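Visitor: Mind having a look at this structure? Questions to follow.
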Amino acid sequence: MENEKNKDFATNEKHNKKSGKNNKKNKKYNKTENKTQSKTQKKQHKQKGFKSKKQGGGKMPKEQTVDMKNNQTTKSKTSKNHEQNKKGNRYGKIKPPVKTNPVKISFLGGLNEVGKNMTVYEYEKSMLIVDCGLAFPESDQLGVDFVIPDFSFVERNADKIKGILITHGHEDHIGALCYLLKKITVPVYATLLTAGLIMGKLSEHKLDKTVDVKVINPGEEISLGDFNVEFIHVNHSIPGAVALAIKCGAGTIIQTGDFKIDTTPIDGEIINLSRFAELGNEGVLCLLSDSTNAEQPGYTQSESKVGETFQSLFSKAGNRRIIIATFASNIHRVQQIIDIASKTGRKVALSGRSLENVTSIASELGYVHIPEGTLIGIDEIKRYNDEQLVIITTGSQGEAMSALSRMASKNHRKVEIGYNDCVIISARPIPGNEKTVYKVINDLLCLGAQVVYEKMYDVHVSGHACQEELKIMLSLVKPKYLIPVHGEQKHLRYHAKLAESIGVPHNNIIIGDNGYEISVSETNIAVSGTVTHGKVYVDGYGVGDVGTRVMRERQHLGTDGIIIIAATVDAASGELVTGPDIVSKGFVYVKEAELLMSEAVSLSMNVINSFPPYNFDLNQMTNKLRDEVSRLMYERTKRSPMILPIIMEVY
């Protein structure tokens, strides 16, 4: 019997090493069990429970052993008469085996990228969607306004979808919602401010009369098909942010949404940590947690810290005009700016359509309080001296058409930057936007403005949890499984490593990707398949009409330009009637490259005349013309412009 116990402990030690456990802790699991234990030890063991590593457990009392093959816990002779432990281990509850179907979690966006968050849950005959956001285009996605998820998977399962749950009102969580609701008709559930922002978007798309938007307060629970969903208040950089406790027959899954732990929030509403702890004690099957700041040690600073910095900068500004760029949806920051401006006797003007819309909705719903006479229109700023003004503007990410970018390039109709301006960029560049942000900063400096940005003062704090806050969430929720979400690959891996460091077994963590379908049950978590996913480009009114081929053509045009060859031939004989004429755009300036253009004309004429009369193929002629001119241009310039032959036939 003693040998069997030692064998079980050795097996458990091997599993612990795979899970990244500390070797020193594991060594004590190999000690031979002492048959005679004191009454004090017996009493302690009666109070303390454990769970095997395979099940996601932590430390194991010495008088208990694990049958790894059958995944069952047995007690030694000294504790046979004690009750079965009810507390379970820190990570993952011991539950009697119940055969239930797994819950399937599919990701259409939000993994290995920043933005475009969209997750689909499926259990039995019901499906839920959590968030439906957009992503801003990358530098090589020329002409694209923004990117949304591919909805093909959702459209095919429209009859199963019971509702869309929104965690908060940022564009990367609600920006694609209107495009989805044009394809399927389902109710949307959100908190008050988030619902107000959604209704504003629906109105722009003329969907406000057809879509049912239901307001849910934090703490409320709703039933949707085979799911029950509880909304839990969290702190973020926008009011009304919630986490979701999604409950079904397979267990409880918590999706945190974007969150941080702010003990001094502007609105006074602290994250509901006690409810997370209660759910953790009840047993949480899986946690999907925000990974955006998983690389950052410590804690995220409170939003109130920015207010203290603003007060200092306002006093230092003296008689300068103050211009502050921030995210349109950062209601708490806008409120702080308005409060300080009011106290210092300055008027506030808003520049940027999205900022004006969000502030108006937030004011109507009671989330922003504007003292009477403080807010003025951007058209009225000429009536006031510089020391009497604060302008809040969009463009903190250097967006090309934003208000701040237009000010920096001297294209803004109402605001002209000068030496008496103090510009505060109250945001951190989103990964990929650094170059555009720094270009705007340099342009503003060239115009004589004083520019203050994040690296100089605490003019921005993140809305996402840093490492210690992520540890707190993991410790309270005690999930059996973890799926890091909302971040690039490096963020997801840092989050996974962080979870392992506090006891979540390595095998209980999955780093997913867009398109993954992950099945989760009490006994297992695994990638069970893939679903249709992808990037859909929105360009003006066009949705999806700009595909990969069009994007490659734009990149080609943007890097090498285009040469157009126009000629007219006789439809019967193929003889050249007029032309060829050469037009160059974005390649060379024709007047400075007349010799090259003349050579291209001669080559084109020779190619057309090389086809036998009355026996020519127009497609072959076009292709040969493209190839020969392309070869010539590369030989002469080492560049490869797009060649577009246009050959017309006349009868």
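Visitor: Please specify each residue of segment 395-422 satisfying the condition of being open to solvent by less than 70 Å² (accessible area, probe 1.4 Å), within 24 Å of Gly345 (Cα to Cα) and either at pLDDT 95 or above or in contact with a Lys or Arg (Cβ under 8 Å, 6 or more places away or on another chain) (or both).
Guide: Ile417, Asn420, Asp421, Cys422
Visitor: If Ala567 meets every condition in (1) assigned to a loop (DSSP other than H, G, I, E, B); (2) touching a Gly at 6+ places or on another chain (Cβ under 6 Å); (3) touching a residue at least 40 places away in the same chain (Cβ under 8 Å) apart from one, which number is that one?
Guide: In the conditions (1) assigned to a loop (DSSP other than H, G, I, E, B); (2) touching a Gly at 6+ places or on another chain (Cβ under 6 Å); (3) touching a residue at least 40 places away in the same chain (Cβ under 8 Å), Ala567 misses (1) alone.
Visitor: Are there any pairs with C-beta distances below 6 angstrom linking a residue in segment 150-178 that is of a type in the set (S, T, N, Q) to a residue that is part of a loop (DSSP other than H, G, I, E, B), with the two at least 6 apart or on different chains, and if so which?
Guide: Ser152/Thr532; Thr167/Asp131; Thr167/Gly257
Visitor: Look through Thr523, Thr559, Thr530, Thr578 and report the one residue that is free of Cβ contacts under 8 Å to residues at least 60 places away in the same chain and within 30 Å of Lys104 (Cα to Cα).
Guide: Checking each option against the conditions leaves just Thr530.
Visitor: May I pose another question? Take the residues in segment 439-471 that are of a type in the set (A, V, I, L, M, F, W, C) and assigned to a helix (DSSP H, G or I), then tell me which one is surrounded by the fewest Cβ atoms within 10 Å (Cβ to Cβ).
Guide: Cys446
Visitor: To continue, here is another question. Quick one: which residue in Asn112, Asn89, Asn101 is closer than 25 Å to Gln555 by Cβ and either at pLDDT 95 or above or among the polar types (S, T, N, Q) (or both)?
Guide: Details: Asn89 fails: closer than 25 Å to Gln555 by Cβ; Asn101 fails: closer than 25 Å to Gln555 by Cβ.
On inspection, the qualifying residue turns out to be Asn112.
Matching residues to (1) out of contact with any Leu (no Cβ under 9 Å at 6 or more places or on another chain); (2) surrounded by fewer than 16 Cβ atoms within 10 Å (Cβ to Cβ); (3) in a loop (DSSP other than H, G, I, E, B); (4) of a type in the set (Lys, Arg):
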| residue | (1), (2), (3), (4) |
| --- | --- |
| Glu308 | yes, yes, no, no |
| Ser312 | yes, yes, no, no |
| Ala328 | no, no, yes, no |
| Leu350 | no, no, no, no |
| Gly366 | no, yes, yes, no |
| Glu372 | yes, yes, yes, no |
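Visitor: Starting from segment 370-396, keep only residues that are closer than 19 Å to Ile331 by Cβ and in contact (Cβ under 8 Å) with a residue 60 or more places away in the chain, then list their pairs with residues that are open to solvent by less than 60 Å² (accessible area, probe 1.4 Å) and β-branched (Val, Ile, Thr) whose Cβ atoms are within a distance under 6 Å, requiring at least 6 positions of separation or different chains.
Guide: Pairs found: Val390/Ile322; Val390/Val348; Ile391/Ile323; Ile392/Ile324; Ile392/Ile337; Ser396/Thr326; Ser396/Ile425.
Visitor: Does Ser584 qualify as being free of Cβ contacts under 8 Å to residues at least 60 places away in the same chain and assigned to a loop (DSSP other than H, G, I, E, B)? Quick ask: steps written out before the conclusion?
Guide: Values: free of Cβ contacts under 8 Å to residues at least 60 places away in the same chain: yes; assigned to a loop (DSSP other than H, G, I, E, B): no.
Spelling it out, it is not the case that Ser584 is free of Cβ contacts under 8 Å to residues at least 60 places away in the same chain and assigned to a loop (DSSP other than H, G, I, E, B).
Visitor: So Ala600 fits all but one of (1) without any contact (Cβ under 8 Å) to a residue 60 or more places away in the chain; (2) part of a helix (DSSP H, G or I); (3) open to solvent by 60 Å² or more (accessible area, probe 1.4 Å); what number is the exception?
Guide: (3)
To keep it simple, each residue is scored yes or no on (1) within 18 Å of Ile105 (Cβ to Cβ); (2) open to solvent by 10 Å² or more (accessible area, probe 1.4 Å); (3) among the acidic types (Asp, Glu).
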residue	(1), (2), (3)
Leu476	no, yes, no
Pro479	yes, no, no
Pro484	yes, no, no
Ser501	no, yes, no
His506	no, yes, no
Ile509	yes, yes, no
Gly512	yes, no, no
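Visitor: When you scan segment 526-550, how many residues do you find that are over 19 Å from Asn157 (Cβ atoms), open to solvent by less than 40 Å² (accessible area, probe 1.4 Å) and either assigned to a strand (DSSP E or B) or modelled with pLDDT of 80 or more (or both)?
Guide: Here the count works out to 4.
Visitor: Scanning segment 625-643 for residues that are farther than 19 Å from Asn609 by Cβ and not in a helix (DSSP H, G or I), which turns out farthest from the chain's Cα centre (by Cα)?
Guide: The residue in question is Lys638.
Visitor: Is one or more of the residues making up segment 561-568 open to solvent by 60 Å² or more (accessible area, probe 1.4 Å) and farther than 27 Å from Lys183 by Cα?
Guide: no
Visitor: I need a count of the residues in segment 379-408 that are of a type outside the set (A, V, I, L, M, F, W, C) and in a loop (DSSP other than H, G, I, E, B).
Guide: 9
Visitor: Which condition from (1) exposed (fewer than 12 other Cβ atoms within 10 Å of the Cβ); (2) of a type in the set (Ser, Thr, Tyr); (3) part of a helix (DSSP H, G or I) is the one that Tyr614 breaks?
Guide: Every listed condition holds for Tyr614 apart from (3).
Visitor: Among all residue pairs at least 6 apart or on different chains, which show Cβ distances below 6 Å where the first residue, located in segment 315-339, is within 15 Å of Ser354 (Cα to Cα) and the second is of a type in the set (Ser, Thr, Tyr) and part of a strand (DSSP E or B)?
Guide: Ala325/Thr393
Visitor: Kindly indicate the residue of segment 495-525 that is part of a loop (DSSP other than H, G, I, E, B) and among the small types (Gly, Ala, Ser) and also nearest to Gly298 (Cα to Cα) among those meeting that condition.
Guide: Gly503
The values are calculated or read from the model by the stated rules, or taken from the named source; none is laboratory data. Computed from a predicted model, the values in this text were never measured in an experiment. Positions of Cβ are backbone-derived with ideal geometry, glycine not excepted, and every protein chain shown enters the neighbour counts. Accessible surface areas use protein heavy atoms only, side chains included; no ligands, DNA or RNA. Shrake-Rupley method; radii C 1.70, N 1.55, O 1.52, S 1.80 Å.
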